[in-house]
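Take a look at the structure set out below.
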Amino acid sequence: MIDVSWGEQVVFYILAPIAVIGALGMVMARNAVHSALWLVLTMLSLGVFYIVQAGPFIGMVQIIVYTGAIMMLFLFVLMLVGRDASDSVIETLRGQKVAAIALGVGLGVLLGTGLYRGTVDLTPVGLAEANKNGNVQGLASLIFTKYVWAFEVTSALLISAAVGAMILAHVERRKDERIGQAAMMKERFLPGNYPGPKPGPGVYATSNSVATPAKLPDGNPAQRSISPILPLRELEPAEKADKHTLTGGHQS
Amino acid sequence: MTPMWYIVLSAILFSVGAVGVLIRRNAIVLFMCIELMLNAANLALVTFSRINGTLDGQIMAFFVMVVAAAEVVIGLAIIMLIFRTRRSASVDDANLLKY
């Protein structure tokens, strides 16, 4: 048993609860975007743990690749699928949630206590010897000698994943399904369709939010000026009131 | 405190991710839970690397990250494809592998 440094203990006691809170928040948040943000919190604290545990390269890769690339990919897909794609609360299997939580707590207790009891007597060697020439150099000398085959296979995996994603995301359009420019113009000027561009959202002295509708000449909110996915924000009476801007602030 | 507490933390995070896979229905959130489980395994690997005094654990964590990145790309493309045809990202709705 070896005691870790005082600074590392402080980092662990602060970030470990944050990581667990992030994980729990991700599981419990109704909104998928909130789930993604909670998961980013957990991944950032894990990245700090890697750096603290003498793995600066893997910690930085964790922050750049996981929180920077993978989670942003998640957020992109969430925005494509729709922000309102939240979970239904109806249970299809009776008692599934309770059983799942009981199983999860059991798994956590079993894994945690088992691994702790199994490894607590070990003396950590520490990475000072392995990191003697620098962490990145040490990793590189292993990757390009002992793990060079796995490293090469990884490139095949990445290229096939990229090709697979392109094939999956590709939409085949037949020639007769394509709409020509002339047909599009005809459709645009059909009666019942408004040919002009949609108005932008309202910009007022008190609010320039995209959720604030612009006002039509008769004072009603213009429904087409805001995205349908945003909840409609009505102007409050104080915002609707005359601001006396035309009279230079003097009440007429 | 010993470095073993990192392993306990990774066990806790792994089981939270497993519970999430069991109780959530949104396919994207399910995917995030799988990512959390992979991250927990990575934390255990990095800690093992420190206990053993070799960098092999960190290299395995690195490969896990690469595989996770490939998996996310393909998985999210499949979710997008299912969403495009079914207008839903819930795993309860996708009970047929056709259409």
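No lab work stands behind these numbers, since they all come straight from the coordinates. Quantities reported herein were computed from a predicted structural model and do not represent experimental measurements. Positions of Cβ are backbone-derived with ideal geometry, glycine not excepted, and every protein chain shown enters the neighbour counts.
Below 8 Å between Cα atoms, with a sequence gap of 6+, how large is the relative contact order for chain A in percent?
RCO, chain A: 11 percent.
What angle do you read, to the nearest 10 degrees and between 0 and 90, between the alpha-carbon axis of helix A:148-169 and the longest principal axis of chain A?
Helix A:148-169 sits roughly 20 degrees off the main axis of chain A.
Putting +1 on Lys and Arg Cβ atoms and -1 on Asp and Glu Cβ atoms, find which of B:17, B:27, B:57 reaches farthest to the positive end of the dipole of region B:4-86.
Among B:17, B:27, B:57, the one farthest towards the positive end of the dipole of region B:4-86 is B:27.
Which whole-number percent is the relative contact order of region A:167-231 (Cα, under 8 Å, 6+ apart)?
Relative contact order, region A:167-231: 20 percent.
Rounded, prolate or oblate for region A:1-81? Axes are the square roots of the Cα gyration tensor eigenvalues, ordered a ≥ b ≥ c, and the cut-off for rounded is a/c under 1.5.
oblate
Over chain B, calculate the relative contact order: mean separation of alpha carbon pairs under 8 Å at least 6 apart, over the residue count, as a percent.
28
Among A:36, A:195, B:46, which residue has its Cα furthest toward the positive end of the charge dipole of the protein assembly as shown, with +1 on Lys/Arg Cβ and -1 on Asp/Glu Cβ?
A:195
Could you line up A:209, A:225 from fewest to most neighbouring Cβ atoms inside 10 Å?
A:209, A:225
To the nearest 10 degrees, how steep is helix B:4-23 against the longest Cα principal axis of chain B, on a 0 to 90 scale?
Compared with the principal axis, the helix lies near 10 degrees.
Please rank B:86, B:24, fewest neighbouring Cβ atoms within 10 Å first, as an exposure proxy.
Least crowded to most crowded, the residues run B:86, B:24.
For an R0 of 56 angstrom, estimate the FRET efficiency from the Cβ-Cβ distance between residue A:166 and residue A:20 and round to the nearest 0.05.
It comes to 0.90.
When the helices in the protein assembly as shown are scored as -39500 (n - 2.57) per DSSP H run of 4 or longer and the sum is shared across all residues, what 222 nm value do you end up with, to the nearest 500 deg cm²/dmol?
Calculated from helices alone, the mean residue ellipticity at 222 nm is -19500 deg cm²/dmol.
Given R₀ = 45 Å, what would the calculated FRET efficiency be for residue A:103 paired with residue A:156, taking r from the Cβ atoms and rounding to 0.05?
0.75
Across the protein assembly as shown, how many lysine pairs separated by 8 or more positions, or lying on different chains, have Cα atoms within less than 20 Å?
6
What average number of partner chain Cβ atoms lie no more than 10 Å from the Cβ of the residues making up A:38-44?
Partner Cβ neighbours, averaged per residue: 3.
What FRET efficiency comes out for residue A:174 versus residue B:74 if R0 is 35 angstrom and r is the Cβ-Cβ distance? Round to the nearest 0.05.
It comes out at approximately 0.85.
For residue A:132 and residue A:93 in one chain, what is 0.36 nm times their gap in residues minus the Cα-Cα distance, to one decimal in nm?
Taking residue A:132 through residue A:93 to full extension adds about 8.5 nm, to one decimal.
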